[in-house]
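The values are calculated or read from the model by the stated rules, or taken from the named source; none is laboratory data. Note that the structure is predicted; figures quoted are calculated from it, not measured. With ideal geometry, Cβ positions are generated from the backbone for all residues, glycine too; neighbour counts draw on all protein chains shown. Remember, those area values only see protein heavy atoms, side chains included, never the ligands or the DNA or RNA. Shrake-Rupley method; radii C 1.70, N 1.55, O 1.52, S 1.80 Å.
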Amino acid sequence: MAKSLQTIKSDLHIHTIHSDGAMTVGEVMDIAKHKGLSAISITDHDIVSGVSDALLYGKQIGLKVIPGIEISAFSVMAVHILGYGIDHNSPVLLEMLNDLLEQRQTRAQEILEKLKRFKIELDPQKLPTVNIGRSHIAMELKNAGYVSSIQEAFDRYLGENRLAYVPSKRISPLKAVQAIKESGGKAVIAHPLQLHNSKKLIPLIEGLLPYGLDGIEVYYPTHTPDKTAIFEKLAIQYKLFATGGSDFHGINKNNTINNIGETFCNLPKELR
């Protein structure tokens with residue numbers, strides 16, 4: 001009989017101020033350590049600038065760090081691909097991320113120009129100079145008193161087909177998987193519930209498997225037990241490993257401190 005793997009309680013989906021999170025690398029890692037986690041992955045959107053600090057600090061406090069990223073892709077709908085165990089200095093990965101960063105900057109500027117048409121002028125000094133996203137603009141709309149909540153910012157201005165919406169020029173899920181694989185990482189479909197509900201999940205899995213798809217995020221805050229069971233079965237069916245995490249952002253996401261480690265997984269053997 002094969003031995004079962006030692007349980008390594010892990011939160012493999014955490015964001016920091018390097019993308020659209022509210023806390024620093026050190027702050028989220030201190031929380032993770034305090035919560036009794038043994039491993040984490042910081043998976044900032046389309047950027048790896050926090051990985052080196054995380055690896056260094058992890059050694060200092062005794063917390064295993066899996067180098068990670070969350071790449072924002074698009075096919076018929078938004079598809080986020082998590083990358084784990086990546087070489088965060090990979091030239092191929094960095095070149096792709098630099099292109100994505102430039103596209104983010106251009107999109108943000110177009111959004112700000114649209115907002116001016118409604119006599120909304122935000123202070124550029126209060127917005128990030130790199131890796132700016134809609135959540136940053138939503139937060140500043142709230143801080144400046146134009147809306148009462150981040151949700152209202154999206155409902156009125158920033159959401160799809162709203163007053164200041166600008167479509168994103170994202171890469172395909174295939175290119176995201178290829179970049180992760182070329183940087184030595186494992187590619188995982190993030191928060192698959194919406195894809196499942198839209199009947200796009202299985203075609204996506206089957207389309208990406210020949211290119212090296214490795215896993216699926218089974219354990220996630222919005223997954224009910226029934227949905228979790230479905231994703232567990234899909235992981236077994238397609239020989240994918242299962243990951244999970246809190247998708248922590250902090251106050252930038254929903255004005256509350258999301259709970260690091262409340263949704264977790266046992267660290268897959270493929271990431272040990």
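For segment 57-64, state whether one or more residues are within 12 Å of the chain's Cα centre (by Cα) and either crowded, with 24+ Cβ neighbours inside 10 Å or under 20 Å from P268 (Cα atoms) (or both). Scanning segment 57-64, I find no residue that is within 12 Å of the chain's Cα centre (by Cα) and either crowded, with 24+ Cβ neighbours inside 10 Å or under 20 Å from P268 (Cα atoms) (or both), so the answer is no. Could you say whether any residue in segment 67-78 is within 15 Å of K169 (Cβ to Cβ), over 19 Å from the mean Cα position of the chain (by Cα), open to solvent by less than 40 Å² (accessible area, probe 1.4 Å) and not basic (K, R)? The answer is no, given that none of the residues of segment 67-78 is within 15 Å of K169 (Cβ to Cβ), over 19 Å from the mean Cα position of the chain (by Cα), open to solvent by less than 40 Å² (accessible area, probe 1.4 Å) and not basic (K, R). Out of all the residues in segment 2-39, which are surrounded by 16 or more Cβ atoms within 10 Å (Cβ to Cβ), aliphatic (A, V, I, L, M) and in contact (Cβ under 8 Å) with a residue 60 or more places away in the chain? Across segment 2-39, the qualifying residues are I8, L12, I14, A22, M23, V28, I31, A32, L37, A39.
Every condition in (1) at pLDDT 95 or above; (2) under 20 Å from the mean Cα position of the chain (by Cα); (3) within 30 Å of E152 (Cα to Cα) is met by N254 except one, and the failing one is (1).
Residue-by-condition table, conditions (1) modelled with pLDDT under 95; (2) farther than 23 Å from I137 by Cα; (3) more than 20 Å from the chain's Cα centre (by Cα):
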{"site": "M1", "(1), (2), (3)": "yes, yes, yes"}
{"site": "I14", "(1), (2), (3)": "no, no, no"}
{"site": "A22", "(1), (2), (3)": "yes, no, no"}
{"site": "V28", "(1), (2), (3)": "no, no, no"}
{"site": "K33", "(1), (2), (3)": "no, yes, yes"}
{"site": "L37", "(1), (2), (3)": "no, yes, no"}
{"site": "I40", "(1), (2), (3)": "no, yes, no"}
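Is it the case that G145 is in contact (Cβ under 8 Å) with a residue 12 or more places away in the chain and open to solvent by 30 Å² or more (accessible area, probe 1.4 Å)? Talk me through it step by step, then tell me what you get.
On the way: in contact (Cβ under 8 Å) with a residue 12 or more places away in the chain: no; open to solvent by 30 Å² or more (accessible area, probe 1.4 Å): yes.
The answer is no for G145.
When segment 115-130 is filtered for residues that are open to solvent by less than 70 Å² (accessible area, probe 1.4 Å) and closer than 30 Å to K175 by Cα, the ones remaining, listed by number, are L127, P128.
With G159, G185, G133 as the choices, which residue is open to solvent by less than 20 Å² (accessible area, probe 1.4 Å) and free of Cβ contacts under 8 Å to residues at least 12 places away in the same chain?
Values: G185 fails: free of Cβ contacts under 8 Å to residues at least 12 places away in the same chain; G133 fails: free of Cβ contacts under 8 Å to residues at least 12 places away in the same chain.
Being open to solvent by less than 20 Å² (accessible area, probe 1.4 Å) and free of Cβ contacts under 8 Å to residues at least 12 places away in the same chain holds for just one of G159, G185, G133, which is G159.
Only one entry in L267, L174, L240 is modelled with pLDDT of 95 or more, open to solvent by 30 Å² or more (accessible area, probe 1.4 Å) and among the hydrophobic types (A, V, I, L, M, F, W, C), namely L174.
The criterion of at least 3 residues that are under 30 Å from K199 (Cα atoms) is met, among strands (runs of 3 or more DSSP E) falling completely within segment 36-111, by 68-74, 78-84.
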